[in-house]
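Laboratory data are not the source of any read-out in this text; all were calculated from the coordinates shown. If you're wondering where the values come from, they're calculated on a predicted model, not measured in any experiment. Cβ coordinates were reconstructed from backbone atoms using ideal geometry, including for glycine residues, and neighbour counts include every protein chain displayed.
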Amino acid sequence: VLRIVGTAAPRPDRNAGNPFVWFGPNMAWHAFARAQGMTALACDALVRELDDAVRAFAGVGFHVTPFTRQAALSHALGFTSAGGVWIKDDTGNVGGSHKARHLFAILLHLVAAERLGVAPATSRPRLAIASCGNAAIAAATLAGAVQWPIDVFVPPWAKPAVRDRLGALGANIVTCPRLTDDPPGDPCIHRFREAVDSGSVPFSVQGPENAFCLDGGRTLGVEIGTQAAAAGVHLDSVFAQTGGGAFATGIGDGLHEVRAARMPKLVAVQAAGCAPLVRAAAVAARFGADASRHWNEVMWPWEAEPKSLATGILDDETYDWVGVLENVDRSGGSVIAVAEPSIARALGLISTTTTIQADATSTAGLAGLLTNRGSFHDDANVAIVVSGVRRD
Ligand SMILES: Cc1ncc(COP(=O)(O)O)c(C=O)c1O
């Protein structure tokens, strides 16, 4: 289990709008590049160069995304004007979701390694990712921006709109049905691991496959923590829809690193139709601080065919359970499973009370708030992250 260890609170004077420049000196890829002899200025220049390439290719580059109090949604949920629901809106991020945050840190690490002569620059190995949508689009966007060949391993039920987009971005699409002799677990992950075993680079949004994804994921928590502090708001809780768990890990790690105020409680939200982390949290509690040494006893693939309207969080396993549970524990948060009617209601509420174009995956955190609403005072401030744009 690899975890990114934070070093210092992000320096406010570096916040010029690009989270990867702002948070740069706190990042693991940056520490790697510096240790190999790249200057701090050259690290900043590399971020800007790759960000310019992404912007030229995709029309949008990395930027601090909006974090605002939602008046109509707060009112609909019975919060007073002293409190309410805050939304971190990542639907306008590179590739239409937060996933590019994870992958840009990997890309920076790879290109830095090439430039420093510690990775082959002439014969690039292919990139590989397993994903049912948002992560694949983010990966293909970043790979296309730097003309790096990529294979994306997708389930047979991947939406046609996603396939079309991947094709337009130049990715090679590999469809992965569940094979009869497959071991338990996601067939896309099996095919992805076979590719990595054959020499591909894991361009993954799952920490156990490539821990550098956890590096970039922290920008989300850093932004939320800093933006809430700037608004003079103490967030009681932040709800995070949780599939593989890198998203919730990044939010928790980033919030922890801001250190400007008491860390909000991290509430990891799973769909009742696929909730391996809820099961794991109960088992991990028995092992205490030693839980990560007991992987097989704590985390194993969800046995039934995962089902939910929130298809993006249907990971058989919460691969980054160690990072999520660490942040849940240190913030006094919790892990919950939500029923399908709440997931549907959350999606409906976002579309009727905001102008954000979201899908059920990216609003599933709100389903957690709906489920737990009774435990908050009407003047509490809580946050959700609407993490991906609707694609149909
Ligand atoms: C829009 C969106 N939000 C949140 C998540 C959950 O992220 P994680 O799998 O890291 O828990 C996903 C996963 O695919 C997603 O697509």
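Which order, highest average first, do 141-148, 321-328 follow once you tally other Cβ atoms within 10 Å for each residue and take the mean per peptide?
321-328, 141-148
Suppose we keep just the DSSP beta bridges with both residues in the chain; what percent of those would be antiparallel, to 5?
That works out to approximately 15 percent antiparallel.
Roughly how big is the chain's charge dipole about its Cα centre, with Cβ charges of +1 (Lys, Arg) and -1 (Asp, Glu), in debye to the nearest 20?
580 debye
Given R₀ = 56 Å, FRET efficiency for residue 172-residue 72 by Cβ-Cβ distance, to 0.05?
0.80
Which residue, 172, 21, 314, has the largest displacement toward the positive end of the dipole of the chain when charges sit on each Cβ (Lys, Arg +1; Asp, Glu -1)?
Selected residue: 21.
Quick check for me: using +1 on Lys/Arg Cβ and -1 on Asp/Glu Cβ, what's the dipole size of the range 37-185 about its Cα centre, in debye to the nearest 20?
My answer is approximately 180 debye.
Rounding to the nearest 20 debye, state how big the charge dipole of the range 282-392 is about its Cα centre with +1 on each Lys and Arg Cβ and -1 on each Asp and Glu Cβ.
Here the range 282-392 has a charge dipole of around 300 debye.
Dividing the convex hull volume of the Cα atoms of the range 279-369 by its residue count, what figure in Å³ per residue is obtained?
Spelled out: Cα convex hull of the range 279-369, divided by residues, is 105 Å³.
Working only with C-alpha atoms, what are the Rg and Dmax values of the chain, expressed in angstrom?
Rg then Dmax for the chain, in Å: 19.7, 60.
Ranked highest first by average number of other Cβ atoms within 10 Å, how do 151-160, 372-381, 181-190 line up?
Top of the packing list down: 151-160, 181-190, 372-381.
Before anything else, pin down the relative contact order of the chain: Cα pairs under 8 Å, at least 6 apart, normalised by residue count, whole percent.
19 percent
Compute the orientation-averaged projected area for the range 50-209 from the convex hull of its Cα atoms and round it to one decimal in nm².
12.5 nm²
Pairwise over distinct Cα atoms, reciprocal of the mean inverse distance: report the Kirkwood radius of the range 11-127 in Å, one decimal place.
Roughly 16.3 Å, rounded to one decimal.
On alpha-carbon atoms, Rg over Rh for the range 168-226 using Kirkwood Rh?
1.09
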